[in-house]
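What follows is one structure encoded as structure tokens, with my remarks underneath.
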Amino acid sequence: MIDDTTPTGNPAPIPGEDAPAPPPSRYAGPVAGLPPQTGLTTDTAVLTDAYAVIPRSVMRDIVTTYLPGWTGMRMWVLARPMTGFAETFSQYVVELAEGGGCDTPEDDPRVESALFVTGGELDVTIDGACHRLTPGGFAYVPPGAAWSVRNATPGNAGFHWFRKLWQPAAGVTPPDPVVANENDIPPSPMPDTEGSWSTTRFVALDDLRHDMHITVVTFTPGGSIPFAETHVMEHGLFVLEGKAVYRLNRDWVEVGPGDFMWLRAFCPQACYAGGPGRFRYLLYKDVNRHAPLWFGAAGQGR
């Protein structure tokens, strides 16, 4: 089972500010196991034409799967391209046993990947350079890169794995690898929110080589998205810590650590962070490209 309770150290404060550092980050993961036969089946799991909610409580052993070429791994598939669901990306929660991993995780040279570590430590090698990722660690792997991943510590390690077909565009080349840790990056406050809503970014917004952004979004207790945010990006949101009431299309859903939400393009969204601690989620969005005018995953399939 992926550890979802271990603090990982204080993020760096924003330069020039005297405010105390935020509390240690926590990273939720699947609950695993199976519920007792006396458990109730009522839950918040739902799939609609506009959004889906996959709560932590249904991420059990019985819904895990495996991949060829890996050792000591299992994974939960949160999103995959399919009619009526995700269109641009897939997202996995991967659990690796001690020593587990893979020397050739990706078999499609068109695919870019991003990893975000939630527990344990990973050795991620990209084009011959090895990087040790600890909780909060992030790695972007460009399409066509040779890479591998291995659990580097005793016990289990856990991470999110995002995959997307990189979409070529005039005048841009595939991005370089990126290795970072969210705890070393000052979060960027949203304007006029007095720090109650901020985003930790692993790549620059104006780097047009990137056609997806993986970020960590943080709300302090009572912080909110105070309008029905409606725009073209597809969203994947995995709650890392805290709780909130989240608006999805016309519905309000209470979400907490380990819950996953998918929103199709233009699905209205808003939220209120419930406290008592921070509400934080790992966010995927497709960005920086024309809207495809033909059908297919990521607009590239036909």
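Applying Stokes-Einstein at 10 °C and 1.306 mPa s to the Kirkwood radius of the chain, computed over alpha-carbon pairs, gives a translational diffusion coefficient of 80 µm² s⁻¹. Ordering Met190, His290, Val217 by the projection of their Cα atoms onto the charge dipole of the chain, which places +1 on the Cβ of Lys and Arg and -1 on the Cβ of Asp and Glu, puts His290 at the extreme positive end. Charge dipole of the range 87-188 (Cα centre as origin; +1 on each Lys and Arg Cβ, -1 on each Asp and Glu Cβ, all else neutral): 100 debye, rounded to the nearest 20. Based on alpha-carbon centroids, what's the gap between the range 83-138 and the range 249-280 in Å, whole number please? When both Cα centres are located, 25 Å separates them. Here the 3J(HN,Hα) profile of the range 112-118, calculated from phi with Karplus coefficients 6.51, -1.76 and 1.60 at θ = phi - 60°, is 9, 10, 9, 10, 9, 8, 10 Hz, Gly and Pro shown as x. Only Lys, Arg, Asp and Glu carry charge here, each on its Cβ (+1 for the first two, -1 for the last two); on that basis the range 46-289 has a dipole of about 440 debye about its Cα centre. Of all DSSP bridge pairs formed entirely within the chain, close to 100 percent run antiparallel. Residues whose amide H comes within less than 5 Å of that of Ala86, counting only those at least five positions distant or on another chain, are Arg80 (H built at 1.01 Å from N in the peptide plane). One decimal place: the segment Leu208-Ala170 gains 12.6 nm when fully extended, by the rule 0.36 nm per residue minus the C-alpha distance. If I take every Cα pair under 8 Å that is 6 or more residues apart in the chain, average their sequence separation and divide by the length, what percent do I get for the relative contact order? Worked out over the chain, it gives 17 percent.
For Arg201, the amide hydrogen comes within under 5 Å of the amide hydrogens of Ser188, counting only partners 5 or more places away or on other chains and with H modelled in the peptide plane.
Within the listed set Pro186, Pro68, Pro36, the Gaussian network model of the chain (springs between alpha-carbon atoms below 10 Å) gives the highest mean-square fluctuation for Pro36.
Distances between placed amide hydrogens fall under 5 Å for Met212 paired with Val287, all partners being 5 or more residues away or on another chain.
Using θ = phi - 60° in the Karplus curve 6.51 cos²θ - 1.76 cosθ + 1.60, the 3J(HN,Hα) couplings for the range 133-141 round to 9, 9, x, x, x, 9, 9, 9, 10 Hz; x is entered for Gly and Pro.
Across the chain, the longest run free of exposed loop sites, meaning GluC sites (Glu not before Pro) lying outside DSSP classes H, G, I, E and B with no more than 15 other Cβ atoms within 10 Å, spans 18-193.
Each value in this text was obtained by applying a stated rule to the coordinates, not by laboratory testing. This is a predicted model, so every value here is computed, not measured. Ideal geometry is used to build each Cβ from the backbone, glycine not excepted, and the neighbour counts take in all protein chains shown.
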